[in-house]
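What follows is a short report on a single structure.
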Amino acid sequence: NLIVNGGGGAAPPQNDNCANRAGITLGNTPINTGGATTDGPVHGTTQLHNDVWFNHPATANGQLTISTCPGSSFPSIISVYSGSGCTNYDARLLGFSNSSTCGTNRASITIPITTGNNYTIRVGGTTTTARGTATLNLSFTPDVISCDSVDFNNNGIFPEDQDVVDFFDVLAGGVCPTCNDIDFNNNGIFPEDQDVTDFFNVLAGGACP
């Protein structure tokens, strides 16, 4: 009979490597780095050991906070990269953190994100033996959208009929070197009917929605 001793140990998680990173949305996600290996690069003198990987697709502009604040059984560290690839990590690095005000072993980092872009998230331990379970939390604060001044042509006179004339001229594709762009409500969508509605609402003394 053949008897084999040894072996065992935790199997690596599915998202152990960047190429197999898991999609992650806002809220809490349990993670386990017990069987994870280290495949990401060192940044300066900082390494994320026994790392696991995620991809977050941004659906709005704002601030994304990534943390292990809900709890971590090991000293955790988080790094974030722009895009969804697995190359050029240093050039894509948006930041990393192995500390937080929310408690021992926890890490937290906040980055600006842009709708339509992907962000690669890497979570590991601060030492070669740092591994275990944690809860990864993603929370989002949207940018505050504000309307432009009703002085559309920036001539210092407002409200005036010429602002209305110039607004519709630019809306129709005309050129006005001193005018604001046609995205009056700064929501990133233009041209649209809502820009016209918001322009006349502010012109009449109303607030920008």
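The number of residues in the stretch 36-46 being farther than 15 Å from Cys18 by Cα and free of Cβ contacts under 8 Å to residues at least 40 places away in the same chain comes to 2. Residues in the stretch 170-205 that are touching a Leu at 6+ places or on another chain (Cβ under 8 Å) and either assigned to a loop (DSSP other than H, G, I, E, B) or at pLDDT below 90 (or both) were compared, and the one that is nearest to Phe152 (Cα to Cα) is Ile182. For the stretch 52-67, the count of residues that are within 30 Å of Asn186 (Cβ to Cβ), not in a strand (DSSP E or B) and not polar (S, T, N, Q) is nonzero. Of all residues in the stretch 113-156, exactly one satisfies the criterion of being surrounded by fewer than 19 Cβ atoms within 10 Å (Cβ to Cβ), closer than 16 Å to Phe200 by Cα and more than 33 Å from the chain's Cα centre (by Cα), namely Asp151.
The values are calculated or read from the model by the stated rules, or taken from the named source; none is laboratory data. Just so it is clear, the structure is predicted and the values come from calculations on it, not from any experiment. A quick note on method: Cβ atoms are made from the backbone with ideal geometry, for glycine too, and the neighbour counts reach across all protein chains shown.
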